[in-house]
Structures are given as structure tokens and as C-alpha cells.
Amino acid sequence: MAIDHARRTGKVTDEQMEAIRETMRIIAEEDEARGVDPAASFDCARCRQARPRIGSVDYEGVRMCNDCATRFEVARLSGGAKTGAQYAGRAPTSLS
């Protein structure tokens, strides 16, 4: 199984990376279709920058921008992180 390979080797294949990128692109498209304000922003729990809310992902109360969420998914797949809170270096604060 591809996920097991990534966890064993610590490396994500090109196909896995493409699947992650496609998923993150779809999340952004769905936010736009649901009417998320394109001007809305939030402070990303990982990079701690004001980032667009469109495409952001909430991991059990830890919201990350699309870029950080993409990197987290790679880290999670390869065994480098288990939770969004662990990856962001903080505890969940809200479920927004």
C-alpha cells in the first residue's frame, strides 16, 4: 500500500504528492463555491501569518493555511507528524 511505503521510507512518492496537491486544490474550490469571502483571512496556526481563509483546513481546532496544510499532509503521510496540533506546535484553541 502506498501509505505504508511513505511511512516506512519517510518519503512521499510523486503520485502521493500529486494526490495531496489535488485534494488541497479541491478544498479551495469548494470553499469558493460555498461562498467563503475571498477577502477573509485568519492567522495560520503553523506559519503564524495572516492567510486567506479560502482553502484553509481546520484540524480539530487548529486551522492552517492551504500551504501549511499541504505540508502537514505530507508530514502526516510520511510519519513526521500525527496531529495538526503537533505539527503546528500548539494545542487546539477553537473549532472554527
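General observations
- Considering only GLN49, ALA81, VAL12, and ranking their Cα positions along the charge dipole of the range 2-87 that arises from unit charges at the beta-carbon of Lys, Arg, Asp and Glu, the one farthest toward the positive end is ALA81.
- Close amide H partners of ARG53, meaning residues 5 or more places away or on another chain with modelled amide H under 5 Å apart, are ALA40, SER41, PHE42.
- Per-peptide packing, taken as the mean over residues of other Cβ atoms within 10 Å, places 14-23, 49-58 in the sequence 49-58, 14-23 from highest down.
- Per residue, the average separation of C-alpha pairs within less than 8 Å and at least 6 apart gives the range 2-87 a relative contact order of 31 percent.
Read-outs throughout are calculated quantities, based only on the coordinates presented, and are distinct from any laboratory measurement. Everything numeric here is computed off the predicted structure, so don't read it as measured data. Cβ atoms come from the backbone with ideal geometry, glycine included; neighbour counts cover every protein chain shown.
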